[in-house]
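For reference, the structure is listed below as structure tokens.
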Amino acid sequence: MLSALDRLGTIAAVAEELHLTAPGISMQLSALERELGVALTERQGRRLALTPAGCVLAEHGHEILDRLALAEMEVDAIRGGRVGRYRVAAFPSAARTLVADAWKAIQAEHASLQLALTTPEPEQALSLLVAGETDLALVHSYSNIPRDMPDGVGSELVGAEPIWVAIRSDDPLASDEVDLAELAGHPWITSERHLTCFQMTDRACGLAGFRPVIVAETMDFAVQLELVRTRAGVALVPQLAVAAVPPEVTLARPAQELERHIFAVRRAAMHAEPGLDTLVAAFRRAADERLGVPSRLVRRESGNLHKWAR
């Protein structure tokens, strides 16, 4: 009221703006003066003017009102998913592609939406999420190795990518499509054994009727492709993990249906967080641009993919 009086000049104008009565305004200001023990207004003819103490408090009132207005604007921006700082944990090939693409788009569209990125493997990312040390986890699962999600989180499908057979272009079995059973006699290059990428290869070969003879283990898919180039063996590589295809290497489609599914996972308590909705939408657009529409396998299962666990 004091700030409004300083701005408007009369009790009547203050009462009209605040939808109160003029006597009610006068009573409130008198009560404030008694509480503070100093005079805040003085009568100057027909006009009620502010004392020096009143001017000081009125100035503070202007600042408070300005900050409240700013807070309301920021809350509205948060509600619209346009502002906030969010921690994202994404496995490396998704970070290099989907997160990088989305980050560029977010900077252009929502400059006040800030990201902090780490690149752990999915198991660690989910642990960080459950512990409250990250706000959103981008994780993967394979069509032949479903991933169990922890309690208290929800997952949303972001996209699906094909798994390719990396094979020497001059290999007699190299073609657009390769039956994994025909590669039983080849040496294999895989990810490290504690990773689901290794389990995907091991199970795919097992379903094709053989156990792979593994000659190299590395979580770096660029190394795997270079080893294929040097005739060390063959490998199964997800599309997003392929930054470049070395000369003399062919990426063939396996005859068996095999894909990697990418999920955005958040705690159930954050399922209605608008900023995370904005991030997930940006990741999904990036996946659509890089990978196209999710495949028949994913569309068939998509009804079961979005789940909020209690």
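Readers should treat all values here as calculations from the given coordinates under stated rules, not as data from a laboratory. Please read these numbers as outputs of a predicted model, since none were measured by experiment. Here the Cβ positions follow ideal geometry from the backbone for every residue, glycine too, while neighbour counts run over all protein chains shown.
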Share of Cα-Cα pairs in segment 171-210 lying beyond 15 Å, as whole percent: 44 percent
Just want to confirm a number: the relative contact order over segment 139-262, from Cα pairs under 8 angstrom separated by 6+ residues, in percent. 45 percent
Dipole of segment 82-310, positive end: most advanced residue of Ala269, Gly292, Thr119 [Cβ charges, Cα centre]: Ala269
Length gained when the stretch Thr230-Ala255 is fully extended (0.36 nm per residue, less Cα-Cα span): 6.6 nm
For Ile64, Ile25, Ile189, order by how many other beta-carbon atoms lie within 10 Å, fewest first: Ile64, Ile25, Ile189
In what sequence, highest mean first, do 139-147, 239-247 appear when ranked by Cβ atoms within 10 angstrom? 139-147, 239-247
From Cα pairs below 8 angstrom and at least 6 apart in sequence, can you work out the relative contact order of the chain, rounded to a whole percent? 22 percent
Can you find, among Pro238, Met219, Ala4, the residue farthest towards the positive end of the dipole of the chain? Put +1 on the C-beta of Lys and Arg, -1 on that of Asp and Glu. Ala4
Between Glu133 and His194, Cβ-based FRET efficiency (R0 25 Å, step 0.05) works out to 0.75
Is it possible to state the helix-based mean residue ellipticity at 222 nm for the chain, with each DSSP H run of 4+ residues giving -39500 (n - 2.57), the sum divided by total residues, to the nearest 500 deg cm²/dmol? What is it? -12500 deg cm²/dmol
With +1 on the Cβ of every Lys and Arg and -1 on the Cβ of every Asp and Glu, and nothing else charged, how large is the dipole of the chain about its Cα centre, in debye rounded to the nearest 20? 320 debye
